[in-house]
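Novice: One structure is given below, represented as structure tokens, and several questions about it will come after.
The values are calculated or read from the model by the stated rules, or taken from the named source; none is laboratory data. All figures in this text were calculated on a predicted structure; none of them were measured in a lab. Using ideal geometry, Cβ is built from the backbone for each residue, glycine included, and neighbour counts are taken over all protein chains shown.
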Amino acid sequence: MGSMYSNQTSDSNSDPYLSGQLLIAMPGMRDERFYKTVIYMCAHTEEGAMGLVLNQVMDSLSFPDLLEQLGIDEGNAGEAVPIHFGGPVEAGRGFVLHSSEYLQDATLEVEDGVALTATVDILKAIARGYGPRRSLLALGYAGWGPGQLDDEIRANGWLQAPADHELIFDSDQETKWERSIAKIGIDPRMLSDEAGHA
């Protein structure tokens, strides 16, 4: 078996990495934490991958609660900001996916006008009303070791699709999975939840 990273160009004219793309869980996903999730891939290299779940909101924690836990006594501009479950890794750490007109020294520019910042300063900026124009606040992230995500994709655990700002940032959580799949021309009803169940 040849490596996925060999110089073959027959079936792909882009690199094998998915930074800036959407990762969509197949209905048969065995890990319930990722059932029907859409993940925005912030980084994907031969060293591993990192992304944030876009369509799971945490009802148990409000933005003001989070600020209080972090000892931030700021304005109330962000009271209605939903907090997402970004993934099971570093679940107590905040990550903000946002439009890239807001940049700090610690900001990672992913691509297509999307950036990632994981500092207390961006939370303060959101609370005071001068944060990024569009943002998604998540606690925790999804992470994979070297080659692990590639193996899961080969095992048909995930589909991939191009990202757009509406899918990333809009508040319609209920339809993000279906809309992401529709972007690649697949009818979600054709993907059975019962895959592999006799």
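Novice: Working only within segment 101-116, note down all residues that are in a loop (DSSP other than H, G, I, E, B), among the hydrophobic types (A, V, I, L, M, F, W, C) and surrounded by 16 or more Cβ atoms within 10 Å (Cβ to Cβ).
Specialist: None - no residue of segment 101-116 is in a loop (DSSP other than H, G, I, E, B), among the hydrophobic types (A, V, I, L, M, F, W, C) and surrounded by 16 or more Cβ atoms within 10 Å (Cβ to Cβ), so the list stays empty.
Novice: Quick one: is G78 crowded, with 17+ Cβ neighbours inside 10 Å, in contact with a Gly (Cβ under 8 Å, 6 or more places away or on another chain) and modelled with pLDDT of 95 or more?
Specialist: So G78 does not fit the description; no.
Novice: Pairs only if they're at least six apart or on different chains, beta carbon under 6 angstrom, first in segment 31-55 and farther than 20 Å from T107 by Cα, second in a loop (DSSP other than H, G, I, E, B) and charged (D, E, K, R); list them, first residue then second.
Specialist: none
Novice: In the list H98, H84, which residue meets the criterion of being more than 12 Å from L139 (Cα to Cα), surrounded by 13 or more Cβ atoms within 10 Å (Cβ to Cβ) and under 15 Å from the mean Cα position of the chain (by Cα)?
Specialist: H98
Novice: Can you name the residue in segment 118-168 that is surrounded by 15 or more Cβ atoms within 10 Å (Cβ to Cβ), of a type in the set (D, E, K, R) and farther than 27 Å from G92 by Cβ and, of all such residues, is farthest from the chain's Cα centre (by Cα)?
Specialist: That would be D150.
Novice: A follow-up question, please. In segment 56-78, which residues are over 24 Å from Y40 (Cα atoms) and either touching a residue at least 12 places away in the same chain (Cβ under 8 Å) or charged (D, E, K, R) (or both)?
Specialist: P64, D65, L67, E68, L70, I72, D73, E74, G75, N76, A77
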